[in-house]
Amino acid sequence: MKKQKNFLGRLKTAGKYLFSREYGYDASKSTRRRARRRETQPRPEHLALDLSDRSRVVGTLLDYRRNNPIVGSICRLRETDVVGAGIRPQMQSGDEDLDNELEKMWDKWSRNPEVTYCMNMRDLQRSLASLPLIFGDGGLLLTSTGQVQLIEGDRIGTEEGMGFFKQKKDQIEGKTSRRIIDGIELNPQNRPIAYHIGHREDGFLTDIKRVSAKNFIFHRKRIRPNQTRGIPELAPVADDLQDLDEFDEIEMISAKVSATLSAVIKRDGAMDFELMEREQEGEDRLESFETGQFHYLEPNEDVSVISTSGRPNVQAIEYITYRLRKIGACLGIPVEFLLQTIGETSFSASQGMILLYQSTIEAEQRDLMNVLSKLWRWKVKQWFTEKRFDYDPKSVDPFNVRWQPPSFRWVNRQAQVKADATYLGLGAISLDDICATFGHDAMTSLERKAKNIKQAKAIAEKEGLEWQELFNPFPTTAQANFQELLDRPD
């Protein structure tokens, strides 16, 4: 019987190897050491994160935004460094007068571009930059009044299950159903033709309305070509954030216990003592120890001190830093920026971290500029419809705009000034690029300088001085050919 079992076992193993498929990649098979790998198949992202799961993820991340300092630091860095003092347009239509006119009109409209009159263009850009972190997507609703309304991603959707059941009902009745995925209505080529936007009250979407795609600027990041909705960037690190919160709380409790004296009184026959204590009124048991006092215990009583040694745990700092590095790597933010500890590293390491972080910010700025270009096109069309300006389409393009983002300030300010002067002389950068570091454009700088020169001339004439002595008090030097100076006419 035993030999028969061994023979059947060997036959089963041989059949398994004979009829099994050959694995070309280790990622496609589960081994003893990889037994926990889930057997999954490719699915669209709107099935991997449907509306119900999306609302739970967004709710969790919003709670982190309110109470988690790391998430607060991530959102602050995204809003502050991507937008800075504001991303400004620079017209390149081919007509200088038209460029100046449109830029002035944009500046005036940017003071109150939002329907609530509570946000200027800088505030609007900051909110757009941080939308993908928490909500995954969102956008701007273009209204007939010429202003926009910021729509967060959790307001885009349909009533629970209504999109699915509506399509099934239309199929049964033989009607042509609209293809709606997570609140976005698509044509057969997966192009958005409408967005379903509502108000979120008590966790549910209400008063849902259909908005044409031409009246909505959608902002999201794709991880797959045919992706319909954006995925919150903080979703992959939500568990790490929760682990850090729990770990920090446990360490804090242990440190507090270690810093205090907690004691328990043990007594033989505790049950009888408890019953007797309840029967005798007016006699209080010892429940606290006063400083500098001696207390006498009852017979058969003993005191045990509760303490946690080794708290706070100094090794926990390295572990927390490692977990924060994982979170920062997911978002392209070095941990030194999250914790504001960049000064603790060397000068070379600091410059390397700045370059790494700068590449992340530049990618975010390009995504935001795409949204701003669509907003510019809509606003310029509206101004042209209102006959605020006129142009010749054969020679002028009023939609050709360049966006000037804020520049980074280097650690070595002196080296930055020299590099900027060299690049400016070579034509590699413009004066606008340099001025963007300080939050304004070249036109503003030149106008300020012209006013300063004019004021210096007026004061110098009043005091009997040369205006250069007031405006440029530092000694200057110049190099010239001596023969050229001799041949120069008086």
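The values are calculated or read from the model by the stated rules, or taken from the named source; none is laboratory data. Bear in mind the structure is a predicted one, so any value in this text is a computation, not a measurement. Counting neighbours? That spans all protein chains shown, and the Cβs are built from the backbone with ideal geometry, glycine included. All accessible areas refer to the heavy atoms of the entire protein, side chains included, with ligands and DNA or RNA removed. Shrake-Rupley method; radii C 1.70, N 1.55, O 1.52, S 1.80 Å.
Per-residue accessible area (protein heavy atoms, 1.4 Å probe) orders VAL211, VAL314, VAL148 as VAL314, VAL211, VAL148, starting from the largest. For segment 64-122, chymotrypsin sites (Phe, Trp or Tyr not before Pro) meeting the loop criterion (DSSP other than H, G, I, E, B) and having at most 11 other Cβ atoms within 10 Å: TYR117.
Of the whole protein surface, LEU324 contributes about 10 Å² of accessible area at a 1.4 Å probe radius. For segment 81-148, the alpha carbon positions stretch 42, 29, 17 Å along the principal axes, listed from largest to smallest.
Near LEU324: Cβ cut-off under 12 Å, other residues only, Lys/Arg at +1 and Asp/Glu at -1. The net charge is -2. Among the protein heavy atoms, those of PHE408 account for about 50 Å² of accessible surface (1.4 Å probe, every chain in place).
Using the Cβ atoms and a cut-off under 13 Å, what net charge is assigned to the surroundings of ARG111, where Lys and Arg are +1 and Asp and Glu are -1? Spell out each step's value before the answer.
Values: positive: LYS104, LYS108, ARG122; negative: ASP107, GLU114, ASP123.
Counting the neighbours of ARG111, the net charge comes to 0.
For segment 426-432, backbone phi angles converted through the Karplus equation (6.51, -1.76, 1.60; θ = phi - 60°) give residue-by-residue couplings of 7, x, 6, 10, 10, 5, 5 Hz, Gly and Pro being listed as x.
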